[in-house]
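The structure under discussion appears below in the form of structure tokens.
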Amino acid sequence: MYRQIRVHDEDCVYQHILWRRSPEEEVQEYQLLTVTYGVNSAPYLALQCLSQLDLEDGADFPQAKGLLTFNTYVDDIVAGANSVEDLLAVQRDLVNLLQRGEFELKKWASNCGAVLRCIPIEDQAIEPTFTPTEDTALKVLGVHWDPTTNTFGYHGNTNEGSITKRTVLSTIARLYDPIGVLGPVLLWAKGLMQDLWIEKLGWDSPLPTSLRLKWLQFLDELPLLSRVCLPRHIDIRRTNEVQIVGFADASQRGYAALVFLWIADNLHVYFLTCKTKIAP
């Protein structure tokens, strides 16, 4: 993505590197002409180019207008539609809009086969299979998504090793959960982390027996998160009454708020999101 963006000539003087292919060669000086990895401004420049492309040329592609500004996270674009016809129109306009800036989309993934039929296999995120397996799941902004079943899921694998405050924090930090499905799990884990601070343990000190046993039980149960399955799409197009229902509760340990979607027509309830916070 960065290498598709040409830097102004007057700014290239700030992108000089020294390079040689082997110790026997003379060191040569190069001037880099495109947005460069590792430069603090690189992510901003890349996203700003996409926003500018959307601003200047988005009107020519109405089905893709706004996607590069509001549906893009760095180099991941997440979009959808309510029908196959509309989705193919979004795909066509998005590809044509990005071509205006010489950007080419890779790692395509969709729960709609019609979208992938015109995409070469090498440009798809996962190769199609006849039977669903773990290999069909991919990560979308840190969340596991299975295009075959069109569901979100979680993997709770842990690393073996010593148990210290450092490794506990590392394990908790890997439980990335932007939707909030793992709210109860994370609240408990953060509570244990708080207990470690109260004990005034060093980062690499072993845990007291009581806390160590609690953590081992948590690690033993963590792989069960693979059973959690959340539908990606909630279809409310043909419903007459839909309500958003919120709950909140608190204890001395922490507090939480949850939001559900209630479809009155068929009495179905869908989880939307959850926020938790450990008590001070």
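The values are calculated or read from the model by the stated rules, or taken from the named source; none is laboratory data. None of the values given here were measured: they were computed from a predicted structure. When we count neighbours, we look across all protein chains shown, and the Cβ atoms used for this are built from the backbone with ideal geometry, even at glycine. Keep in mind that these areas ignore ligands, DNA and RNA; they rest on the heavy atoms of the full protein, side chains included. Shrake-Rupley method; radii C 1.70, N 1.55, O 1.52, S 1.80 Å.
The set of residues from region 220-240 being open to solvent by less than 80 Å² (accessible area, probe 1.4 Å), in contact with a Phe, Trp or Tyr (Cβ under 9 Å, 6 or more places away or on another chain) and outside any helix (DSSP H, G or I) comprises Val228, Leu230, Pro231, Ile234.
Checking each residue in region 210-244 for being more than 22 Å from Thr151 (Cα to Cα) and of a type in the set (Ser, Thr, Tyr) picks out only Ser210.
Of all residue pairs spaced 6 or more apart or on separate chains, those with beta-carbon atoms under 8 Å, a first member in region 141-154 that is touching a residue at least 40 places away in the same chain (Cβ under 8 Å) and a second member that is among the basic types (Lys, Arg) and open to solvent by 40 Å² or more (accessible area, probe 1.4 Å) are Trp145/Lys139; Trp145/Arg232; Asn150/Arg232; Thr151/Arg232; Phe152/Arg232. Residue pairs whose Cβ atoms lie under 6 Å apart, separated by 6 or more positions or on different chains, with the first residue in region 175-199 and of a type in the set (Ser, Thr, Tyr) and the second at pLDDT below 95, are Tyr176/Gly142. Checked against the criteria, Val259 counts as free of Cβ contacts under 8 Å to residues at least 60 places away in the same chain, within 23 Å of Phe152 (Cβ to Cβ), open to solvent by less than 70 Å² (accessible area, probe 1.4 Å) and not in a loop (DSSP other than H, G, I, E, B). May I ask you to verify whether Trp203 is touching a Ser or Thr at 6+ places or on another chain (Cβ under 9 Å), open to solvent by 40 Å² or more (accessible area, probe 1.4 Å) and among the hydrophobic types (A, V, I, L, M, F, W, C)? The answer is yes for Trp203.
Screening region 45-74 for residues that are of a type outside the set (S, T, N, Q) and touching a strand residue (DSSP E or B) at 6+ places or on another chain (Cβ under 8 Å) and picking the one that is farthest from Val35 (Cα to Cα) gives Leu67.
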